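The values are calculated or read from the model by the stated rules, or taken from the named source; none is laboratory data. These figures come from a predicted structure and were not determined experimentally. Counting neighbours? That spans all protein chains shown, and the Cβs are built from the backbone with ideal geometry, glycine included. Note: accessible area is taken over every heavy atom of the protein model, side chains too, but ligands, DNA and RNA are not part of it. Shrake-Rupley method; radii C 1.70, N 1.55, O 1.52, S 1.80 Å.
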Amino acid sequence: MYISLQNNLLTLKFNNMSLISIITPVIDQMESSHLKTQLLKYFPQQEEQFSKIEASFQALTAQKQHQDALNLFFKSWSQTNNSAMTVAGLSNRMTMIIHKNKEVKSEYDLFRAVSSLNRIVDEDLAVVGRVLHSKLFYDMATSIAGDDSWLSNRYLSQQAIDFKAWKDKNSLRNKDIMIGLLTTLVHEIYTHGEVEFIIPLFRKWLEDEGRLSDLEIDKALAWIQVHCGPTEKDHFFHAVASVASYAKAFEVNIEEYDLQEIIEDYLQLKSEVMGVLHEELLKEYAV
């Protein structure tokens with residue numbers, strides 16, 4: 001059984017694009033800037049972290065999984081992509097500047113920064129699309145795992161807790177709001193790569209398993225599908241615009257910021273979450 005799983009993983013590895021091959025072309029679409037240079041410099045340096053993340057999704061979708069493994073996967077994975085409330089909280093921090101009568105060089109540009117940031121969570125909060133994305137994730141995890149026992153915090157790994165704590169600290173508690181905006185930017189471009197990478201894996205997995213009808217598969221994968229195509233790509237460029245407008249609002253020099261630490265921390269913590277999930281999946285078939 002274990003050898004069969006390894007063979008399936010090797011087949012998947014050579015049949016799918018890599019995360020970096022999906023992410024880089026979008027960054028290439030940016031206008032020349034300090035941010036673009038930084039993103040193109042530091043993202044390709046994270047090959048080891050990308051490989052760990054890719055392997056976890058490949059292991060998940062290589063064959064049918066036991067419910068406990070699925071519960072652990074969906075509960076912990078959800079903590080790495082459930083960011084709408086964090087983005088909304090960052091927006092609150094930005095408008096609080098006006099509320100507290102703090103000095104702003106350009107209130108117009110601050111408004112533009114908030115406006116761009118809010119466009120990232122329109123779909124998540126059902127401002128457009130009519131369905132909360134948290135509901136779509138619930139439907140996906142519940143239909144694949146069999147029931148909603150995955151919601152229990154006993155399936156929440158310490159690595160997932162650490163990831164969410166780091167991300168919220170950067171966005172909600174770092175004194176420099178620009179750090180929160182740059183963290184959001186990194187998250188959005190990474191997430192674009194992830195959803196595009198996993199959609200063919202998940203679809204083939206569920207089709208091969210044969211438990212769900214085609215209509216049920218479409219419904220189960222709606223959370224992934226709605227983030228594919230222009231959705232996350234657009235979110236990334238909204239994040240880029242928010243950074244630029246915020247910098248104008250406070251006359252901040254973006255070139256003073258180095259994205260290396262944010263990118264490295266984000267992908268290190270993300271890969272630790274997915275790495276422990278990968279290990280749990282392999283344990284199921286190590287006999």
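To the nearest 20 debye, what is the magnitude of the charge dipole of the chain about its Cα centre, counting +1 on the Cβ of each Lys and Arg and -1 on the Cβ of each Asp and Glu?
Approximately 540 debye in magnitude.
Which entries of 41/167; 41/102; 75/102; 175/233; 219/248; 36/204 show an alpha-carbon separation above 32 angstrom in the structure shown?
Over 32 Å apart, Cα to Cα: 41/102; 75/102; 219/248; 36/204.
Within the stretch 93-136, report the GluC sites (Glu not before Pro) that DSSP leaves as loop and that have at most 13 other Cβ atoms within 10 Å.
Working: sites: 103, 107, 123; in loops: 103, 123.
Answer by residue number: 103.
Can you tell me the relative contact order of the stretch 154-266? Whole percent, Cα pairs under 8 Å, sequence separation 6 or more.
Relative contact order, the stretch 154-266: 33 percent.
Give, in nm to one decimal, the length gained when the segment between residue 47 and residue 95 is fully stretched (0.36 nm per residue of separation minus the Cα-Cα distance).
Full-extension gain reported as 13.5 nm.
Would you mind telling me the share, in percent, of accessible area of the chain contributed by carbon and sulfur at probe 1.4 angstrom?
Reported share for carbon and sulfur atoms: 51 percent.
Please sort 227-239, 202-214 by packing, taking for each peptide the average over its residues of neighbouring beta carbons within 10 angstrom, highest first.
Packing order, densest peptide first, comes out as 227-239, 202-214.
Compute the accessible area per residue over the stretch 132-211, keeping the other protein chains in place, probe 1.4 Å, unit Å².
Computed with neighbouring chains in place, this is 40 Å² per residue.
Please list, in order, the residues from the stretch 160-179 whose amide nitrogen is less than 16 Å from a point placed 7 Å along the Cα→Cβ vector of residue 261.
In the stretch 160-179, the label zone of residue 261 (backbone N under 16 Å from the point 7 Å along Cα→Cβ) covers 166-179.
Probe of 1.4 angstrom, ligands and nucleic acids ignored: what's the accessible area per residue over the stretch 238-287, in square angstrom?
Values: 2340 Å² over 50 residues.
Accessible surface, normalised per residue, equals 47 Å².
Looking at the stretch 39-101, which chymotrypsin sites (Phe, Trp or Tyr not before Pro) are in a loop (DSSP not H, G, I, E or B) and have at most 12 other Cβ atoms within 10 Å?
Values: sites: 42, 50, 57, 73, 74, 77; in loops: none.
In loop regions of the stretch 39-101 (DSSP not H, G, I, E or B), there are no sparsely surrounded chymotrypsin sites (Phe, Trp or Tyr not before Pro).
What is the chain's relative contact order, in percent, from Cα pairs under 8 angstrom and six or more apart in sequence?
Reported relative contact order: 36 percent.
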